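Below is one structure, written out as structure tokens, with a few remarks after it.
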Amino acid sequence: MSDNKLNERQINLLVSIRTGRDYSFGDIRTLISEESKKPPVSPATLRRDLAELVHQGFLIQAGELKGTRYSLNPRGQLHAPLNAHSYCSVDIDSRSGNARFNPMIFSGVGNSLFNTDELDQLTKATHTFLNSGQGGTPAVVKRELERFVIELSWKSSKIEGNTYSLLDTELLLKEGLEAAGKSSEETRMVLNHKKAFDFILENKSPSAQISISLIKDIHRLLVEGLGIQFGIRRRLIGITGSIYRPLDVPTQIEEACDNLLSAVNRQNDPYSRALLLLAGLAYIQPFEDGNKRCSRLSANALLLSFDCAPLSYRSISEVAYREAMLTFYERNTIEPLKALFIEQYVFACHNYLKFA
């Protein structure tokens, strides 16, 4: 993909074009006018915008002259620079997103989701993390692991609506004291995060390959005791606040998981593997519930297998995270989530000592 910036008009044009459809020049001009409720731009300006989007790899152009058609390039769609907050601020029934699972989504993934500058930033952060752990005594390493697990368990649970505070979480995980006024489900959710992360550390794989069996084990530990069925779901589920509806046929869900893991395991760098798993697992929603929790812990399992820093998500905005996920569900662009991933990875590398 090109690193050239798109202007606001070109970005809005990308937002208007839907997955799985092709458009004539006239179709696009009418579509933009209808959605913006403004007079259409001049034909010359629109042609320049379309040519730029084709040049940068966001659109595919087929045919010639009056027979020319335009459609989304799967890889271009994945890297479309959409603003997640602006996209999600549009009323749910007025958004131009995809209501159905896009079977081509993982075919648009190359061998890395990050450009050269982003990889350099992530690699430097990893060096900081690795150097920070040198010379640490067993007691220091133990305390650092304990701190990380508390903060991960608190924030990952909070993202799911859990009302345990950070102090509540610390007292629960260190001293076994349940917070007053909290439900047994909230307490169990926090405890399950620790159990799942302990499992990841005990089963850290030097092969750096992620398997569906490992993901299922992580999910089982995360939802144990919460009345949630284990294994690939066998019924339709919806996502609050989104027009997107995941697959509902078990064989199709399993095939989507296989395609995702194939794309994950062919990535050239650990950060792309972790980010793609983080987004893709939540997108497929293979389980009855607990999918985003499972995606966060599974991505950490991948990072740890490469001796990279895991993410606690301690400083992330829950709203920004939710908007980035919804934008990926409906528009299949990973850019908003990628920005949050980079932010949280750099944060983790500068705030935790290496403990595993």
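Listing for the model above:
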quantity	calculated
Residues within the range 246-264 that are buried (at least 16 other Cβ atoms within 10 Å of the Cβ), out of contact with any Lys or Arg (no Cβ under 6 Å at 6 or more places or on another chain) and part of a helix (DSSP H, G or I), tallied	7
Unmet criterion (only one of (1) in a helix (DSSP H, G or I); (2) touching a residue at least 40 places away in the same chain (Cβ under 8 Å); (3) within 22 Å of Lys155 (Cβ to Cβ); (4) touching a Leu at 6+ places or on another chain (Cβ under 8 Å)) for Ser295	(2)
Candidates Cys349, Cys308 - the one that is surrounded by 20 or more Cβ atoms within 10 Å (Cβ to Cβ) and not in a helix (DSSP H, G or I)	Cys308
Matching residues in the range 270-308 - criterion: being at positive phi and of a type outside the set (Asp, Glu)	Gln285, Gly290
Test: residue in the range 83-93 that is at pLDDT below 90 and closer than 26 Å to Asp248 by Cβ	yes
Boolean, Gly97 is modelled with pLDDT under 90, small (Gly, Ala, Ser) and not assigned by TED's automatic domain parsing to the domain that holds Asn268	yes
Pair list, Cβ < 6 Å and 6+ apart or interchain, from the range 41-57 residues that are in the same structural domain as Leu13 (by TED's automatic domain parsing) to residues that are assigned to a helix (DSSP H, G or I) and hydrophobic (A, V, I, L, M, F, W, C)	Asp49/Leu13
Unmet criterion (only one of (1) free of Cβ contacts under 8 Å to residues at least 40 places away in the same chain; (2) surrounded by 13 or more Cβ atoms within 10 Å (Cβ to Cβ); (3) within 27 Å of the chain's Cα centre (by Cα)) for Asp120	(2)
All positions within the range 47-81 that are out of contact with any strand residue (DSSP E or B) (no Cβ under 9 Å at 6 or more places or on another chain), in a loop (DSSP other than H, G, I, E, B) and of a type in the set (Gly, Ala, Ser)	Gly57
Candidate set from the range 178-232 (those that are within 26 Å of Ser272 (Cβ to Cβ), among the hydroxyl-bearing types (Ser, Thr, Tyr) and without any contact (Cβ under 8 Å) to a residue 60 or more places away in the chain); member that is surrounded by the fewest Cβ atoms within 10 Å (Cβ to Cβ)	Ser213
Filter result for the condition that a residue is under 26 Å from Ile17 (Cα atoms) and in contact with a helix residue (DSSP H, G or I) (Cβ under 6 Å, 6 or more places away or on another chain), over Ala339, Ala299, Ala279, Ala309	Ala279
Subset of the range 152-194 (residues that are assigned to a loop (DSSP other than H, G, I, E, B), small (Gly, Ala, Ser) and either under 16 Å from Leu226 (Cα atoms) or in contact with an Asp or Glu (Cβ under 7 Å, 6 or more places away or on another chain) (or both))	Gly161, Ala179, Ser183
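The values are calculated or read from the model by the stated rules, or taken from the named source; none is laboratory data. Bear in mind the structure is a predicted one, so any value in this text is a computation, not a measurement. No Cβ is skipped: glycine too gets one built from the backbone with ideal geometry, and neighbour counts run over all protein chains shown.
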